[in-house]
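A quick write-up on the structure given underneath.
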Amino acid sequence: MEGTRLSPNLSSTNLSLLNNTDTTRAYVFVPASSTTKLIIFLLLVVVGTVGFIGNSLIYFFISTKSRRFSYLQSSMFVRNFNFYVKSLALSDILSCSVSLPLIYIQLMFDVFQQGWPCRIVRYLNLLFPSVTINNLIVISTERYFSTRPIPRSFSVSCVRRLIFSAWVVGFIAVITPTFTFNDVRFDLDNNRYTVVCKIDNTYLPFRVIFVSYAVLQHVLPSIILICINISLIKTVWSRKRSRLMNIQMNNAIRAKLRAAKRRGTYLLILITFAFIIPYSWTLYYAVYVMVVNPTLDFQFDYRIRCLSIVLFFTNSSLNFMIYLVQMNDFRHYVRKVFCNKVS
């Protein structure tokens, strides 16, 4: 069905759960134009492929790099940094290889739209963003305390426990909001209706649950991350510009480690904002719909939700680009991998 032929507005009066068989209207699977679905599909394929391959490369690069024995690789900062990057890359890899294929299937085929399959798919969609933001909280907090006038660096074992906890909390945190998703029916006109797996915002407790989850798991952590990273930027920039010299700065090895810390901190700050900025649109649009419950045209709402998904998954591709620009040795590694394959 072409999207230009559909123009009914959707409101709480014509949105209901599919709890009985409707004999007066014909069921239509996602009445969006084939062009719209194809464009969204291709965009998701591009960002998903780049994100999966790029983060797989960074994961294996860091794993190989961690096995080298040197003063820099044995330092606490570099070991923690390597663990941070591997954890974030793993989350992106799983997101591109688990969540995105399910979105492809839902976009093109009439499956996973009802019952428990709907909730399981949405659980996996929510899982990896929650894990990522929990990882970023751990990373930013550790970086913040380690850059204070009196540094308080976390030990490697402490960082590993915190990152493991971030994953566990992510798995647990998305269980409750998953139950707010259901097979929601939209009456398009007097002759047609469709069913979409989305949050049932006609039921107030579900709206409260999802908004609470969004605020506690994403909005407040995002605000905290922004404040911490702005402070980190100011601290690192002021120290870089400072002309005060101490005896340790004459030590070439310590100077190299200090430069590695500065570059690593900048990279982690960039990765944090690369997550917050694209994901904020997706999150705030969902919260807006939950709180305001506006009257929306189905085509408009469908396109906005799909484009929000595309925008969010660009985060995986952005991370790869950031690693490629900021890490000189990673660029050499990528060049070596692809040159060997070509030759």
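Values in this text are rule-based calculations from the coordinates and carry no lab data. Everything quoted here is computed from the prediction, not taken from an experiment. Cβ sites come from the backbone with ideal geometry, for glycine too, and all protein chains shown count toward neighbours.
Overview of results
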read-out	value
Cα-derived Rg over Rh, computed across the stretch 157-230 with Rh taken as Kirkwood radius	1.18
For the stretch 110-240, alpha-carbon Rg over 2.2 N^0.38 Å	1.42
Per DSSP, loop trypsin sites (Lys or Arg not before Pro) in the stretch 126-221 with at most 13 further Cβ within 10 Å	Arg152
For Leu296, residues with placed amide H under 5 Å, excluding near neighbours	Leu10
Spin-label pair Val291/Ala260, simplified geometry with 7 Å Cα→Cβ offset, distance in nm	4.5
Debye, to nearest 20: dipole size of the stretch 48-144, +1 on Lys, Arg Cβ, -1 on Asp, Glu Cβ	380
Amide H within-cut-off set for Arg192, under 5 Å, with H built and near neighbours excluded	Ala26
For the stretch 277-343: span of alpha carbons on each principal axis (Å, largest first)	57, 22, 11
Extension reserve of the Ile150-Met321 stretch, reckoned as 0.36 nm per residue once the Cα distance is removed	58.2 nm
Euclidean distance between Cα centres, the stretch 151-182 to the stretch 266-343, Å	21
Translational diffusion coefficient (Stokes-Einstein; Kirkwood radius from C-alpha pairs) of the stretch 35-128 at 10 °C, 1.306 mPa s, in µm²/s	104
Kirkwood hydrodynamic radius of the stretch 157-198, Cα pairs, Å	13.3
Rounded to the nearest 20 debye, dipole of the stretch 172-216 from Cβ charges on Lys, Arg, Asp, Glu	80
Approximate spin-label separation Thr24-Met76, in nm, with each point projected 7 Å along Cα-to-Cβ	7.1
Cα-projected label distance for Gln114 with Arg331, points at 7 Å along beta-carbon direction, nm	5.5
